[in-house]
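The values are calculated or read from the model by the stated rules, or taken from the named source; none is laboratory data. The model shown is predicted, which means the values in this text are computed figures rather than measured ones. Glycine also receives a Cβ, built like all others from the backbone with ideal geometry; neighbour counts cover every protein chain displayed.
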Amino acid sequence: MPGDVASVLRSFLDSGGKRLRPVMCVLGHRAGGGHDDDTVLRVAAGLEMFHAFALIHDDIMDNSATRRGRPTVHQALGATYNDSALGAGAAILVGDMALVWSNELLYAHSPLADRAAELRRIVDAMHQEVIYGQYLDLTAPLRPLADLEAAWQVIRYKTAKYTCERPLHAGAALAGADTALLAALTRYALPLGDAFQLRDDLLGVFGDPQHTGKSTLDDLREGKRTVLLALAAQQATTTQQRLLDGTVGNPHLEAEDAARVREVLEATGARSTVEAMIAHRYEEALAALDAVLLPTHATTALRTIAALATERTS
């Protein structure tokens, strides 16, 4: 078979990323008393391969130009073939193959039968939740900018459950965790996932592209409905609202327009409110860890991950 698909996917995987989902999977396994055996490492790799599928398709839907400081897969393939439509089609297929290979990693070497069934249940739920979240995100521009509930719903399904809760559950299930432990991990994961996405939304507008690998114009051009923008829209004056309506979602938005949007986000208190939300959810996640007895090395690592996820600059 042609080597193009594998080489493009390898290049994408090698371009960086936080590897947060596989790390969460391994830490969930440790929280359940497991050790880093081949099975959990393959499952962790399968989660990262699924994430590659999701990001490649996400970038096509968002028409994003860069990812991790490089051209997105569809942009790179479009340049290779000198045909943007062909590049998008080829990128969809690269993403599809990542999904196939993810399933091979997840299920080719099954653990004990009862644990394999629980793993499949968790991963199937994760697949449905993130696709549902992406659908909500894709259709969000059809809703009012001030729709805070819709913004929270996207965070819950596209990030909190997908990035934190389900990977932790997958690893814990491989270690034979009971429902009580899974529930305790949920109490840690969901507020942390919220905080992670809130930080991501701030970085998408206020971050340094040298660190984030992504333009600070993309989210605004896309009209991404975030908690940050919803809070600003709820508090905006008539003049500020007019500015937001005229710039957010404009595919031709320029740096000067983005600067004016940032001024509104600051003036309405939206930025400071989101920072406070991040701090509150970080403390909530740590409190959940304090309330459950886990192996010390797992608790220490989960506390470290919480700090890195909420205080990051990229």
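Given the criteria at pLDDT 95 or above and either outside any helix (DSSP H, G or I) or under 24 Å from Thr159 (Cβ atoms) (or both), does Arg225 qualify?
Numbers: at pLDDT 95 or above: no; either outside any helix (DSSP H, G or I) or under 24 Å from Thr159 (Cβ atoms) (or both): yes.
No.
Might you check whether a residue that is at positive phi and surrounded by fewer than 21 Cβ atoms within 10 Å (Cβ to Cβ) occurs anywhere in the range 145-159? Outline the logic, then answer.
Step one: list which residues in the range 145-159 are at positive phi, which gives none.
No: the range 145-159 contains no residue that is at positive phi and surrounded by fewer than 21 Cβ atoms within 10 Å (Cβ to Cβ).
Suppose we keep only residues that are farther than 20 Å from Pro141 by Cβ and of a type in the set (Val, Ile, Thr) within the range 234-267. Which one would you say is surrounded by the fewest Cβ atoms within 10 Å (Cβ to Cβ)?
Thr238
Considering only the range 2-53, state which residues are touching a residue at least 60 places away in the same chain (Cβ under 8 Å), closer than 19 Å to Leu182 by Cα and assigned to a loop (DSSP other than H, G, I, E, B).
Within the range 2-53, Gly32, Gly33, Gly34 meet the criteria.
In this structure, does Val5 turn out to be more than 30 Å from Arg221 (Cβ to Cβ) and β-branched (Val, Ile, Thr)?
Judged against the criteria, Val5 is not a match.
Going through Arg271, Arg225, Arg242, Arg260 one at a time, which residue ends up being basic (Lys, Arg) and closer than 23 Å to Tyr135 by Cα?
Exactly one residue qualifies, and that residue is Arg225.
State which residue pairs qualify: first residue part of a helix (DSSP H, G or I) and inside the range 84-95, second residue buried (at least 18 other Cβ atoms within 10 Å of the Cβ) and of a type in the set (Ser, Thr, Tyr) in any location, beta carbons under 9 Å apart, and separation of 6 or more residues or different chains.
What qualifies is Ala91/Thr72.
Scan the range 258-313 for residues that are among the charged types (D, E, K, R) and at pLDDT 95 or above and jot them down. So that I can check it myself, show each step before the final result.
Kept after step one, since they are among the charged types (D, E, K, R), are these residues of the range 258-313: 260, 262-263, 266, 271, 275, 281, 283-284, 290, 303, 311-312.
Within the range 258-313, Arg260, Arg262, Glu263, Glu266, Arg271, Glu275, Arg281, Glu283, Glu284, Asp290, Arg303 meet the criteria.
Enumerate the pairs (first residue in the range 262-289 and touching a residue at least 24 places away in the same chain (Cβ under 8 Å) and farther than 11 Å from Val227 by Cβ; second residue anywhere and buried (at least 19 other Cβ atoms within 10 Å of the Cβ) and acidic (Asp, Glu)) with beta-carbon separation below 7 Å, excluding pairs fewer than 6 apart on the same chain, so at least 6 apart or on different chains.
Every condition considered, the pairs that remain are Arg281/Asp194.
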